[in-house]
Amino acid sequence: MARHECGFEAPIHCKKCGRPLDSNERTGLFCPHCGRRVSILCPGCGRLW
């Protein structure tokens, strides 16, 4: 489960390989398997993840 800084948690999966994404404050959302970086808006607060 990826967790945003506002506290919102969601199971987000990579579109490229289908594995769960990890969340890091410095890098944002990324896939630890294929290395893809993802930019989405948080449904909880509307800011960039």
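The values are calculated or read from the model by the stated rules, or taken from the named source; none is laboratory data. No experiment lies behind these values; they were computed from the predicted model shown. Reconstructed Cβ throughout: ideal geometry from the backbone, glycine too, with neighbour counts over all protein chains shown.
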Discussion item. With the requirement that a residue be of a type in the set (A, V, I, L, M, F, W, C) and within 13 Å of residue 15 (Cβ to Cβ), what does segment 31-42 give you?
Written reply: 31, 34, 38, 40
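Confirm whether residue 44 is touching a Cys at 6+ places or on another chain (Cβ under 7 Å) and touching a residue at least 12 places away in the same chain (Cβ under 8 Å).
On the way: touching a Cys at 6+ places or on another chain (Cβ under 7 Å): yes; touching a residue at least 12 places away in the same chain (Cβ under 8 Å): yes.
Taking the combined requirement at face value, the residue satisfies it.
Among the residues in segment 4-11, are any in a strand (DSSP E or B) and surrounded by 13 or more Cβ atoms within 10 Å (Cβ to Cβ)?
Yes, segment 4-11 contains at least one residue that is in a strand (DSSP E or B) and surrounded by 13 or more Cβ atoms within 10 Å (Cβ to Cβ).
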Discussion item. Filter segment 16-32 down to the residues that are in contact with a strand residue (DSSP E or B) (Cβ under 7 Å, 6 or more places away or on another chain), charged (D, E, K, R) and over 15 Å from residue 4 (Cβ atoms) and list them by number.
Written reply: 19
Discussion item. Name the residue that is surrounded by the most Cβ atoms within 10 Å (Cβ to Cβ), counting only residues in segment 12-48 that are at pLDDT below 90 and out of contact with any Phe, Trp or Tyr (no Cβ under 9 Å at 6 or more places or on another chain).
Written reply: 27
